[in-house]
Amino acid sequence: MFQVGAVTVTEIVETRMSVPVTLAFRGLNGENPADLRPRFPAALFDQAGDPVLVFRSHVLRTPQSVIVLDTGWGNHKERRLDPYGHLLDTGYLDTMTAAGVDPTDVDYVFCTHLHQDHVGWNTRLVDGAWVPTFPNATYLFVRQEYEHWTTSATPGSYGHDSFIDSVLPVVEAGLHRLVEPGHAIDDTVHVELLPGHTPGHSGLHVTSGAQEAVFTGDLFHIVHQFARPDWHIVVEHDVQQGAATRRAFVDRYTGTGVRVVPAHFNLPAGGYLEPHGFTAGS
C-alpha cells in the first residue's frame, strides 16, 4: 500500500512470472540486456537476472471513488494462445477481500487496454455464465481502444476469447462507458493517452495535493525500456508509435518527482525516473 497525496493505492497480485528479455522482446539489435541491469533496482529481476512480471490490479481509493485499475487474467478462462493464463484458479478475490476491498463497493473499473491479462476479472463465472465481478461499478473503456477490438477481435485471433468473455458481458449488462483521453474520473484521477502497445492504450494520472503519479499500463513492460524505448514486446501493435510514446514519456517525467507505476514491474509502488536510471518508490 502507498499514498499519492490523499489517494491510497493497494496492490492485488494475481500471478507472477519471469520472462527472458531476448525471448519476449524485439529491437535489441544484439545488445545484452544484462549490461543495463546495474542501473535499476535489483527487486525487478529474479536470481537468473530475468525481469519478473507481476500480473495485478491496483485499487485506488480517492476521497470520492474506489477505482480498480486493470483486472488481470481471471479464473476458469480458456486462453489457448496464452498458456500461462489458461484456466487459472487463483485466490484473486480472496486477496482483494483480505485487503479490505469489497467488489460491491467499487465505483469504477478502468482497463488501460483490452489485452487478456488486463480484463480477466471484469467478469467471473456464475452458474455457467460470465457476469460482472464488480456489479455496482462503471467499467471505463477508452473509445478508440474499444472500437479497435470490436473490429479486430475476430474468431481465432489474439484477444478474441477475452473480448467475448471479459468485455462483452459487461457491455451487455449496461455497465460500461466509453471515454476519451483526458477524461476525469473524479477530481484526482484522469485518463492519459499512451498509445502504441494498442491503439487506445492509456494510463491513469493521479494528482492529489503536491503529489502526482502516472500508472502506465503496458507502456513499459520491463525497466530496460526506460533506457531503450525501441525495445518492444512481441505483441506490440504499433512498434514506432510505442517507441515514440516511451521517448516522450521519459523526456516529460525524468527528474520531476512524479511517481511512475508500470503495470507489471515487481515494485508495487513503482518509482521515479532520474537521469541516471530508475529508483524504487515506497
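The values are calculated or read from the model by the stated rules, or taken from the named source; none is laboratory data. Just so it is clear, the model here is predicted, and its values are computed rather than measured. Neighbour counts run over all protein chains shown; Cβ positions are idealised from the backbone, glycine included.
Numbers at a glance
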item: Flag if F141 is touching a Leu at 6+ places or on another chain (Cβ under 8 Å) and assigned to a helix (DSSP H, G or I); result: no
item: Where a residue in the range 124-151 is within 20 Å of D107 (Cα to Cα) and its partner, wherever it lies, is of a type in the set (S, T, Y) and part of a loop (DSSP other than H, G, I, E, B), with Cβ under 7 Å and at least six apart; result: R124/T133
item: Restricting the range 106-136 to residues that are surrounded by 13 or more Cβ atoms within 10 Å (Cβ to Cβ) and charged (D, E, K, R), the residue that is farthest from V206 (Cα to Cα); result: R124
item: Residues satisfying the stated conditions in the range 201-213, i.e. buried (at least 24 other Cβ atoms within 10 Å of the Cβ) and either of a type in the set (S, T, Y) or not in a strand (DSSP E or B) (or both); result: H201, S202
item: Odd one out for A244 among (1) of a type in the set (G, A, S); (2) at pLDDT below 95; (3) assigned to a helix (DSSP H, G or I); result: (2)
item: Flag if V170 is in contact with a Phe, Trp or Tyr (Cβ under 6 Å, 6 or more places away or on another chain), touching a residue at least 12 places away in the same chain (Cβ under 8 Å) and of a type in the set (A, V, I, L, M); result: yes
item: Residue count, the range 166-187 (criterion: assigned to a helix (DSSP H, G or I) and either surrounded by fewer than 15 Cβ atoms within 10 Å (Cβ to Cβ) or more than 18 Å from the chain's Cα centre (by Cα) (or both)); result: 5
item: Test: residue in the range 163-174 that is farther than 22 Å from H237 by Cβ, of a type in the set (G, A, S) and in contact with a strand residue (DSSP E or B) (Cβ under 6 Å, 6 or more places away or on another chain); result: yes
item: Members of the range 249-266 found to be among the small types (G, A, S) and either in contact (Cβ under 8 Å) with a residue 40 or more places away in the chain or out of contact with any Pro (no Cβ under 9 Å at 6 or more places or on another chain) (or both), listed by number; result: G257, A263
item: Strands (runs of 3 or more DSSP E) contained entirely in the range 46-135, each with at least 2 residues that are in contact with a Phe, Trp or Tyr (Cβ under 9 Å, 6 or more places away or on another chain) and among the aromatic types (F, W, Y); result: 108-110
item: Subset of the range 27-75 (residues that are small (G, A, S) and closer than 18 Å to T97 by Cβ); result: S57, G72, G74
item: Complete set of residues in the range 87-105 that are under 20 Å from M17 (Cβ atoms), loosely packed, with under 14 Cβ neighbours inside 10 Å and not small (G, A, S); result: L87, D89
item: Residues being over 21 Å from Y84 (Cβ atoms), assigned to a strand (DSSP E or B) and in contact with an Asp or Glu (Cβ under 9 Å, 6 or more places away or on another chain) - total across the range 1-34; result: 2
item: Hits in the range 223-282 (condition: closer than 19 Å to H201 by Cα and of a type in the set (S, T, N, Q)); result: Q225, Q240, Q241, T245
item: Extreme residue, farthest from P135 (Cα to Cα), among residues of the range 152-165 that are free of Cβ contacts under 8 Å to residues at least 60 places away in the same chain and under 17 Å from the mean Cα position of the chain (by Cα); result: G159
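One line per residue, one yes/no per condition, for (1) over 23 Å from V54 (Cβ atoms); (2) outside any helix (DSSP H, G or I); (3) of a type in the set (A, V, I, L, M, F, W, C):
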| residue | (1), (2), (3) |
| --- | --- |
| V191 | no, yes, yes |
| T198 | no, yes, no |
| F215 | no, yes, yes |
| P229 | no, yes, no |
| Q240 | yes, no, no |
